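Notes to accompany the following structure.
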């Protein structure tokens with residue numbers, strides 16, 4: 001039996017690891033699998049686990065109010081120690097670039113356990129953008145025995161860093177696996193409050209913002225841009241913002257955008273509701289990495305509210321556009337998509353470069369092959 005421990009702690013990690021977990025279940029005759037949730041984002045991840053019907057074997061329960069990066073990292077390393085000693089896995093699977101993923105990688109390394117990194121090779125080449133994710137993923141990739149990259153561009157990043165090609169597998173991104181699986185069945189909202197949004201006579205602009213580097217003035221700029229857009233198109237645009245629970249985000253958004261008639265501030269959504277909302281939106285403004293990967297499959301243009309992105313493939317395809325957190329640029333590019341049909345069609349018809357929905361199968365097959 002191949003012994004595998006999968007570790008996650010945030011909503012994006014679980015979304016992208018769910019297809020891998022489901023694929024592992026198909027091989028229960030040869031894989032002994034344990035699942036650990038660090039609960040780095042406890043409130044956001046609990047509904048998603050229920051939606052995906054995932055039961056964990058371990059919950060590190062590290063979530064604390066106002067916890068620092070150092071708190072997360074040290075708690076995960078210390079609490080994983082006993083689990084790794086008890087389970088003695090051959091592989092620890094991590095995803096992406098969170099502090100959970102980085103700390104779990106270090107913990108596995110300290111016990112000479114192989115690391116399989118899902119979504120390896122993403123880079124902005126700026127160690128502070130995004131922070132701390134850029135350094136997290138470089139640490140993970142330097143240690144990982146198997147680097148599952150979503151694109152050839154990500155593979156090239158690793159080769160340039162001296163990582164052996166034998167450790168790298170181009171798989172596509174598992175977020176497309178999860179998206180296609182959910183989009184096929186998401187035909188109505190679980191949260192009935194979403195039915196109050198005027199989809200039938202307004203262009204819906206979906207907005208998400210949560211990046212640490214946007215806290216403070218950049219997020220204020222985003223809010224001011226949204227105010228201008230809401231005012232400019234008050235008769236036929238409605239803005240919907242699922243507000244991230246981080247106090248730095250929530251306080252700024254509510255203090256700036258509450259009580260505007262064509263802006264809806266809502267609580268974070270269940271995954272299927274969010275996919276359905278993306279499908280029903282006209283355009284998306286976001287600083288999310290996952291949305292840059294998902295939206296092209298739904299033919300939705302994305303204005304990326306960051307100064308740099310580790311997902312250049314979507315930019316090159318025309319599906320996304322960097323607008324940063326500059327108020328004037330956000331308003332300018334949103335206006336262009338609203339008013340210029342040919343520009344909208346160009347972005348919405350771009351081919352998604354992130355996969356075909358079969359990434360999880362490729363990942364698990366490679367792990368099985370590596371273990372033989």
Sorted by Cβ density within 10 Å, fewest first, the residues 354, 254, 271: 254, 271, 354
For the range 192-348, the convex hull over Cα atoms projects on average to an area in nm² of 8.4 nm²
Listed residues 97, 267, 177; largest mean-square fluctuation, Gaussian network over the chain with Cα springs below 10 Å, found at 267
Expected sort for 213, 134 with the fewest Cβ neighbours (10 Å cutoff) up front is 213, 134
What is the calculated FRET efficiency for residue 196 to residue 127, with r their C-beta to C-beta distance and R₀ = 35 Å, to the nearest 0.05? 0.20
With Kirkwood's inverse mean 1/r over C-alpha pairs for Rh, give me the Rg to Rh ratio of the chain, two decimals please. 0.96
So what does the Cα-only Debye profile of the range 224-304 read at q = 0.27 Å⁻¹, as log10 I(q)/I(0), no solvent term? -1.48
Distance histogram in 10 Å bins (all Cα pairs of the range 251-290, percent per bin): 22, 52, 26
If you build a Gaussian network model of the chain, linking Cα atoms that sit under 10 Å apart, which residue out of 358, 16, 341 swings the most? 341
Give the angle, between 0 and 90 degrees and rounded to the nearest 10, that separates the Cα long axis of helix 174-183 from the longest principal axis of the Cα atoms of the chain. 50 degrees
Just how far, in whole angstrom, is the range 76-94 from the range 1-28 if you go by their alpha carbon centroids? 15 Å
Roughly how many nanometres apart are two label points built 7 Å out from the Cα toward the Cβ at residue 316 and residue 61? 4.7 nm
Final fewest-first order of 36, 147, 223 on the 10 Å Cβ neighbour count is 223, 36, 147
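We did not get these values from a lab; they are worked out from the coordinates using the rules stated. Keep in mind the model is a prediction, meaning the values are calculated, not measured. FYI the Cβ positions are ideal-geometry reconstructions off the backbone, even for glycines, and counts take in every protein chain you see.
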